[in-house]
Amino acid sequence: MLKGKRAGVLLVAAAVGLWFLAAGISMAELKSPADFTFEQGKTSPGKVTFSHGKHMVNDIKCTACHFRVFKMKKGSADTSGEAMHNNTACGLCHDGKKSFSVSDENDCATCHRK
């Protein structure tokens, strides 16, 4: 029964994806969730306001982060400095190759605000 449900979910997901492709809708055109702010942690240089919209500009798919890196439940992610610098959480992409690095102190103000 579980295999049948999984196949059904995959079929629906594929159909929706094909519909977006056929309609010519890019990820950037989809309405993104509202920005949200991570409060300043003990060792953090400031609060971080995360913008889904800024991350969707380059057609980054939701699944690039969600389910694999971040759960869909607010507050469930380890966004500590340690996680960032171990190439998990935001540091997975913000590694200095795919995007600016979380390890470069000159880039801290890109996300952190006092």
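Looking at this structure, is Gly91 within 18 Å of Arg113 (Cβ to Cβ) and of a type outside the set (Phe, Trp, Tyr)?
The answer is no for Gly91.
State which residue pairs qualify: first residue farther than 27 Å from Lys42 by Cα and without any contact (Cβ under 8 Å) to a residue 60 or more places away in the chain and inside region 55-83, second residue surrounded by 15 or more Cβ atoms within 10 Å (Cβ to Cβ) and of a type in the set (A, V, I, L, M) in any location, beta carbons under 7 Å apart, and separation of 6 or more residues or different chains.
Pairs that qualify, where the first residue is farther than 27 Å from Lys42 by Cα and without any contact (Cβ under 8 Å) to a residue 60 or more places away in the chain and the partner is surrounded by 15 or more Cβ atoms within 10 Å (Cβ to Cβ) and of a type in the set (A, V, I, L, M), are Met56/Met27; Asp59/Met27; Ile60/Met27; Lys61/Met27.
Please pick out the residue among Asp107, Asp95 that is surrounded by 11 or more Cβ atoms within 10 Å (Cβ to Cβ) and over 15 Å from the mean Cα position of the chain (by Cα).
Just one listed residue meets the conditions, Asp107.
Bear in mind that the values in this text are calculations on the coordinates, not laboratory data. Values in this document were obtained by computation on a predicted structure and should not be read as measured data. With ideal geometry, Cβ positions are generated from the backbone for all residues, glycine too; neighbour counts draw on all protein chains shown.
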